[in-house]
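Structure first, commentary second.
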Amino acid sequence: MSQETSSIVLPPLPYADNALDPVISANTIGFHYGKHHKAYVDNLNKLIAGTEYAGLSLEKIITAVAGKPDKAGIFNNAAQIWNHTFYWNSLKPGGGGEPPAALKEKMEAAFGSVEACKKALSDAALTQFGSGWAWLVMDGGVLKVVKTANAEVPFTSGMKPLVTLDVWEHAYYLDYQNRRADYVQAVLDRLINWSFALENAS
Ligand code: FE2
């Protein structure tokens with residue numbers, strides 16, 4: 001396999017760059033996907049070239065270097081690629097609204113109601129100090145909400161991610177400036193992809 005074909009690639013966005021407008025503008029997507037996400041891919045490919053990690057899948061790289069301080073650069077870039085791809089798929093034009101019945105049942109079992117589940121996700125997103133992520137996960141068959149700092153991913157702790165919210169400032173600052181709460185509310189109400197969450201829960 002050539003170096004070229006074994007490189008980690010930037011996956012295409014699952015929609016047009018203006019498809020999430022006005023909740024998330026094409027301007028934000030241009031920087032967030034086109035610059036930040038792409039930079040993680042470019043950085044990782046430079047960091048792993050000629051190493052034991054070249055040619056491995058992203059998940060295998062993340063799992064192999066998680067918790068190793070001397071591999072933090074590889075972990076941060078690899079996990080951020082994974083997180084961002086997962087984030088783009090956690091959103092969709094015309095999202096939000098009523099979750100599919102099978103997911104709604106799981107939300108009600110774990111949180112009492114869909115609204116309480118959304119509130120837990122929102123609280124996680126708003127209380128994450130600094131950069132990070134809020135996640136709906138499946139942990140031992142039960143839905144949970146967790147938050148992670150910087151590039152950390154729930155699956156290295158055995159939890160199965162269902163959807164995520166990026167709460168790094170680059171995710172919302174162009175559209176919402178410091179108003180993280182407005183960004184989180186708008187995403188949960190209008191963009192969150194509950195069908196993707198259910199697919200991941202199955
Ligand atoms: Fe981001």
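The values are calculated or read from the model by the stated rules, or taken from the named source; none is laboratory data. Computed from a predicted structure; not experimentally measured. When we count neighbours, we look across all protein chains shown, and the Cβ atoms used for this are built from the backbone with ideal geometry, even at glycine.
So here's what we get for this one:
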| item | result |
| --- | --- |
| Residue check for residue 198: over 25 Å from residue 102 (Cβ atoms), touching a helix residue (DSSP H, G or I) at 6+ places or on another chain (Cβ under 6 Å), in contact (Cβ under 8 Å) with a residue 60 or more places away in the chain and surrounded by fewer than 19 Cβ atoms within 10 Å (Cβ to Cβ) | no |
| Those helices (runs of 4 or more DSSP H) lying entirely in segment 17-85 with at least 1 residues within 13 Å of the ligand (Cβ to nearest atom) | 26-31, 38-48 |
| Any hit, segment 80-91, residues being closer than 25 Å to residue 179 by Cα, small (Gly, Ala, Ser) and out of contact with any Cys (no Cβ under 9 Å at 6 or more places or on another chain) | yes |
| Some residue of segment 165-180 being under 23 Å from residue 62 (Cβ atoms), of a type in the set (Gly, Ala, Ser) and buried (at least 18 other Cβ atoms within 10 Å of the Cβ) | yes |
| Every residue from segment 133-187 that is over 17 Å from residue 25 (Cβ atoms), of a type in the set (D, E, K, R) and without any contact (Cβ under 8 Å) to a residue 40 or more places away in the chain | 139, 144, 147 |
| Residues that are closer than 16 Å to residue 197 by Cα, within 16 Å of the ligand (Cβ to nearest atom) and either at pLDDT below 95 or of a type outside the set (S, T, N, Q) (or both), drawn from segment 86-129 | 86, 87, 88, 91 |
